[in-house]
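Here is the structure we will look at, set down as structure tokens.
Every read-out reported here was derived from the displayed coordinates using simple, explicitly stated rules and does not represent laboratory data. Please read all numbers here as calculations on a predicted model, not as lab measurements. As a convention, Cβ positions derive from the backbone with ideal geometry for all residues, glycine included, and neighbour counts pool all protein chains shown.
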Amino acid sequence: MARTESTMLPLGSMAPDFELPNVVTGELTSLSKFAGAKALLVMFICQHCPFVIHVKDELARLGHDYVPQGLGVIAISANDVSNYPQDSPNHLKAMAQDLSLNYPILYDETQAVAQSYQAACTPDFFLFDADRRLVYRGQLDDSRPGNEKPVTGTDLRAAIDAALAGKLIDPDQKPSIGCNIKWKPGNAPSY
């Protein structure tokens, strides 16, 4: 399991637009769908990564706790499914249904959206305020597979709470750590 840190995209960056298929419904989903959200959480995940598996129940809880409060939530998978077939849209759909997710998982087949967000690992978290400016990019919490720390979502939850309340978020943020995104040959970014 390759441990890769998030790139820590500069705070204040605007949320890149996208239009990707929802793995459950097949409908195209774009950034504009979340225009009324008080804040927006974009997560890059996959189905097979041990780091994502470790936190998957908390990822489901985040949606159930915060979507009703006005947070827009999107999960995106960009892994190369020809080499990692367990991350195919059908497997992602099963994951969404098993976890009873109340937010969409989108499939980024070209990997262009992952590149535009400078996503590097799974899971990778990007929280944007109401103006779609980046206010948090970092870890869910200190728990990692095998370190015996409980999965609480403490770091990300504190940032979401602040964003929903219109408060400033501490810019001293720890990067997320996970498996590297499985880039297609020739697609690996240089960031």
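For SER30 and ASP142, what does the FRET efficiency come to when R0 = 25 Å and r is the distance between their Cβ atoms, rounded to the nearest 0.05? Intermediate results must be reported in sequence, preceding the final value.
Numbers: r = 34 Å, r/R0 = 1.35.
About 0.15, to the nearest 0.05.
Which entries in the list LYS93/LYS174; LYS33/LYS93; LYS38/LYS184; LYS38/LYS182; LYS56/LYS182; LYS56/LYS149 go over 27 Å, if you measure between the two C-alpha atoms of each? Before the final figure, lay out the partial values.
Details: LYS93/LYS174 30 Å; LYS33/LYS93 20 Å; LYS38/LYS184 34 Å; LYS38/LYS182 32 Å; LYS56/LYS182 19 Å; LYS56/LYS149 15 Å.
The answer is LYS93/LYS174; LYS38/LYS184; LYS38/LYS182.
Quick check on the chain: of the DSSP beta bridges with both residues there, what percent are antiparallel, nearest 5%?
Values: 18 of 27 bridges.
Beta bridges within the chain, antiparallel portion: roughly 65 percent.
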Site ILE53, offset 7 angstrom along Cα→Cβ, radius 14 Å on amide nitrogen, limited to the stretch 166-185, gives 179
Cα-only Rg/Rh for the stretch 90-191 with Kirkwood Rh rounds to 0.97
Using alpha carbon centers only, the stretch 37-114 is separated from the stretch 123-172 by a whole-angstrom value of 16
Within the chain, cysteines having no neighbouring cysteine beta carbon under 4.7 Å are CYS46, CYS121
For the chain, the dipole about the Cα centre with charges only on Cβ (Lys and Arg +1, Asp and Glu -1), to the nearest 20 debye, works out at 40
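Which semi-axis lengths, in whole Å and largest first, follow from the square roots of five times the eigenvalues of the Cα gyration tensor of the chain? Write down the numbers at each step before the final one.
On the way: eigenvalues 97, 70, 59 Å².
In descending order the semi-axes read 22, 19, 17 Å.
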Taking a ≥ b ≥ c as the square roots of the eigenvalues of the Cα gyration tensor, with a/c under 1.5 meaning rounded and otherwise prolate when a/b exceeds b/c and oblate if not, the stretch 50-128 is oblate
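Just in the stretch 87-169: which trypsin sites (Lys or Arg not before Pro) are loop by DSSP and have at most 15 other Cβ atoms within 10 Å? All intermediate terms of the calculation are to be shown ahead of the outcome.
Working: sites: LYS93, ARG132, ARG133, ARG137, ARG157, LYS167; in loops: ARG132, LYS167.
In loop regions of the stretch 87-169 (DSSP not H, G, I, E or B), the sparsely surrounded trypsin sites (Lys or Arg not before Pro) are LYS167.
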Taking the chain and counting helices only, DSSP H stretches of n ≥ 4 at -39,500 (n - 2.57) each over all residues, the nearest-500 ellipticity at 222 nm comes to -7000 deg cm²/dmol
In nm, the gap between the two label points placed 7 Å beyond Cα toward Cβ at GLU109 and LEU11 is 3.9
